[in-house]
Amino acid sequence: MSTDDRRIDCDINPTVSGLHALAPYLDDVWRNSIEERGIEGLDSISYPPAAPLTARADWRGDGGRAATTAEDVRSRVLDGWNTQIGILNCLYGVQLVFNEDMAAAFTRALNDWIIAEWLDREPRFRASIVVTPQNVEAAVDEIERLAPDRRFVQVLLLVMGEVPLGRRHLWPIYAAAERRGLPIGVHAGSGYRHPVTSLGWPSHYLEDYANNAQAFQSALCSFVSEGVFAKFPGLKVVLLESGVTWLPGFLWRFSKFWKGIRAEVPWVDRSPAAIVRDHVRLTVQPFDAPEDPDLVRRIIDHLGSDAMLLYASDYPHWQFDGDDPVPATLPRDLLPRIMIDNPLATYSRLTGDVQ
């Protein structure tokens, strides 16, 4: 690969092999608790471990899982795809725990595991601070604990939790993120507090996964309508594994209705489309676009900005054909922006990290 193929990967998903992996990073009371209760793991059912979408067969190790070690991701993603920086977004199911104290303890252990087993082993890794929004004070404490470590470049939330993400009681999380210069990463997935569709619980994983697009629309509408970006003008939100092609039509509809009923949201003082273009970024895996490059360019034109898209492999999730996660239909002239320039502009802590 040439230097023109350099890339910053904005979404790598390391796999926790089981709760035993976090045990060394738990206090005695919680370590004893998982042993006494026989708690074996917190695998998020958003990604069934054996499903083909979760990992390609040749990426899986002896235990049937992929991305369980820094060495695996270093070989396949950093060295294999000429990746200068890889941002780790761990999706282990700490958000599924109802006990707030246990959730906070598991979250802290998860972030410490990321430090010891990943960041300390590979200088090209960066990571998101995983937080559990069911206890906002604990989430803010975790941001403040880890923010001095500049290898953490983002705060990670799931797109579906207990309430829409713009709600005011969550604002201390956004205040802490803005204060520390950290974007909010919103990843596909659910805490399963509520059905993943507006019509109730679906029957199949296909429905669950496809309906994440609706969840991203709802989250984005909430961020804008509740006034998050008016209150925190320096905040960036990165939609991870959201898809892309749903956004132009949604922004058109959102902006159209805002014109008629904006009196109830006076803090939304300009078009929602303009606000989203300034504050929101999206990763390009999975890339839910036609196979015609001309249509893909039209979709990007309809976004109204070529600064919104960020390169991501979504490793080890199997979202692409062939051996290169760069979508083949992306305009070639935009690749340097998508793969390097836009990520650097989004993640201020990466400044100076890419030569």
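Here are some notes:
- For Glu178, neighbours were defined as the other residues whose beta-carbon sits under 10 Å from its Cβ, and their charges (Lys and Arg +1, Asp and Glu -1) total +4.
- Local electrostatic count at Pro48 - Lys and Arg +1, Asp and Glu -1, tallied over other residues with Cβ under 13 Å: -1
- The stretch between Asp292 and Arg167, if pulled fully straight at 0.36 nm per residue, gains 41.1 nm over its current Cα-Cα span.
- Normalised alpha carbon radius of gyration of the chain [divisor 2.2 N^0.38 Å]: 0.95
- Computed over neighbours whose Cβ is under 15 Å from that of Gln285, the net charge equals -4, Lys and Arg +1, Asp and Glu -1.
- Put a dot 7 Å past the Cα of Trp59, heading toward its Cβ, do the same for Arg270, and the two dots end up 3.8 nm apart.
- Note on region 120-180: percent of Cα-Cα distances in each 5 Å bin, starting at 0 and stopping at the bin with the largest distance, equals 4, 18, 30, 23, 13, 8, 3, 1.
- Gain in span if fully extended, Asp141 to Lys259, counting 0.36 nm per residue against the direct Cα distance: 38.6 nm
- The chain - mean residue ellipticity at 222 nm from DSSP helices (-39,500 (n - 2.57) per run, n ≥ 4, rounded to 500): -9500 deg cm²/dmol
- Within the same chain, aspartates and glutamates fewer than 8 places from Lys259 are excluded, and of the rest, those with a Cα less than 12 Å from its Cα are Asp269.
Taken together, the values in this text are just the output of simple stated rules run on the coordinates, not laboratory data. On a predicted model such as this, the values are computed, not experimentally measured, just so you know. Positions of Cβ are backbone-derived with ideal geometry, glycine not excepted, and every protein chain shown enters the neighbour counts.
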